[in-house]
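As structure tokens, the structure follows; a few thoughts come after it.
Just so it is clear, none of the values below were taken in a lab; they were calculated from the coordinates. Nothing here was measured: the structure is a model prediction, and the numbers come from that model. With ideal geometry, Cβ positions are generated from the backbone for all residues, glycine too; neighbour counts draw on all protein chains shown.
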Amino acid sequence: MILRSRCYQVVPPTLIIAFMLTLMPLPDWAQAFRPDWVTLVLLYWLLAVPEHVGVTFAFVCGLLLDVAHGAILGQHAIGLVLIAFVVAIQYQKIRVFSLVQQALVVFALLMIKQLLVIWVSGIVGQTADFTGYLVQSLVGAVLWPWIFIILRDIRRRFTISKNF
């Protein structure tokens, strides 16, 4: 039970920091290079503590992203729920991959999420810019090893889980 309470003392603050990085203003030229911080941090916690962070947690984070971006309610939520579902099914396989292989999986998952966001925008008649999405997913995949190492260190310091 101690691990459960520690989990909820560490996971939300890391996601709040990810939200802050997502909403931080950047120059126009750097907007295309902004990684999807919330999705990257959520992916780590989905892999590290799947018994505490799951699809419902991803749905809530997606709704908060929708509100933060002023997007259609459910647009980011559907993308996060889908990738959370994929990770929930395959987390044991993804865990044993090397960091480079994990980065490739993260790239694919980020692309799936971004394409779902574009698809929902297209359904309601909004135009979407495709150029930034590929770059954002690529930057997220390049940052994945560092995010993994930093969050793993935080998880170990607070003794959230004994595995992974």
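Quick notes
- The set of residues in the range 62-81 that are within 18 Å of Ser137 (Cα to Cα) and within 13 Å of the chain's Cα centre (by Cα) comprises Gly62, Leu65, His76, Ala77, Ile78, Gly79, Leu80, Val81.
- Cross-chain or 6+ apart pairs with Cβ under 6 Å, the range 141-160 first and over 19 Å from His52 (Cα atoms), then assigned to a loop (DSSP other than H, G, I, E, B) and not polar (S, T, N, Q): Leu143/Pro35
- Those residues of the range 53-98 which are in contact (Cβ under 8 Å) with a residue 24 or more places away in the chain and of a type in the set (D, E, K, R), in sequence order: Arg95
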